[in-house]
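Peer 1: Handing you a structure now.
Each value in this text was obtained by applying a stated rule to the coordinates, not by laboratory testing. These numbers were taken from a predicted model, which means no experiment stands behind them. As a convention, Cβ positions derive from the backbone with ideal geometry for all residues, glycine included, and neighbour counts pool all protein chains shown.
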Amino acid sequence: MNQFFRKSTVLFLFYSAVFFILITGLSLLSKQAVQADDASMFKLVIITVILLLLLNIYDIIGFWISGKRREFFVKKLAGATPGKQIRESLFNLVIIVWLSFLLGLYFAGAISAITSVISISFAAIIIAHLSGTALSLAFGWPMLMYSLRTAYRGLRI
């Protein structure tokens, strides 16, 4: 279990920050009390976060998968099928996304309680969660398949 979280720390922290910013930004945008200048600023922040997510998700998931190449090789030697390895890795990725979503939601709720300016919107929570999970699976599935196909070439134990 320690190895799972050690290799996944970067991915976990990245998603936590993204979910925190998406939840607070979308909650601020959904309130009518926000002035026009503030609303345009928050829209710009949300667009920037989404662009950063799209630009960095491939590299961060690639970094996570590169740490799993040795694990793929060892499991192959132990007799695991490629389908089972893919299912386990996708399950691990979904668990990381869900845990980081909960951490981001916790920090957004804490900021909301401390400042009393932001009231968290339920729609913002749902949008942030569904978009983050869909993006991670859309990018993670092909990368896992490629990594599994190439995991056994030139790898030294």
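Peer 1: Conditions: (1) out of contact with any Leu (no Cβ under 8 Å at 6 or more places or on another chain); (2) loosely packed, with under 12 Cβ neighbours inside 10 Å; (3) more than 15 Å from ILE21 (Cβ to Cβ). ALA123 meets all but one. Number of the miss?
Peer 2: Every listed condition holds for ALA123 apart from (1).
Peer 1: How many of the residues in region 52-85 are among the aliphatic types (A, V, I, L, M) and within 14 Å of SER136 (Cα to Cα)? Lay out the reasoning, then the answer.
Peer 2: Step one: filter region 52-85 for residues among the aliphatic types (A, V, I, L, M), giving 52-55, 57, 60-61, 65, 74, 77-78, 80.
Then drop every residue that is not within 14 Å of SER136 (Cα to Cα), which leaves 52-55, 57, 60-61, 65.
Summing the residues that are among the aliphatic types (A, V, I, L, M) and within 14 Å of SER136 (Cα to Cα) in region 52-85 gives 8.
Peer 1: Among what's in region 126-135 and is of a type in the set (A, V, I, L, M) and surrounded by fewer than 18 Cβ atoms within 10 Å (Cβ to Cβ), pick the residue that is nearest to LEU54 (Cα to Cα).
Peer 2: Of all residues in region 126-135, those of a type in the set (A, V, I, L, M) come to 126-128, 130, 134-135.
Cutting the leftovers down to surrounded by fewer than 18 Cβ atoms within 10 Å (Cβ to Cβ) gives us 126-127, 130, 134.
On the way: ILE126: 19, ILE127: 16, LEU130: 15, ALA134: 12 Å.
Checked region 126-135; the qualifying residue nearest to LEU54 (Cα to Cα) is ALA134.
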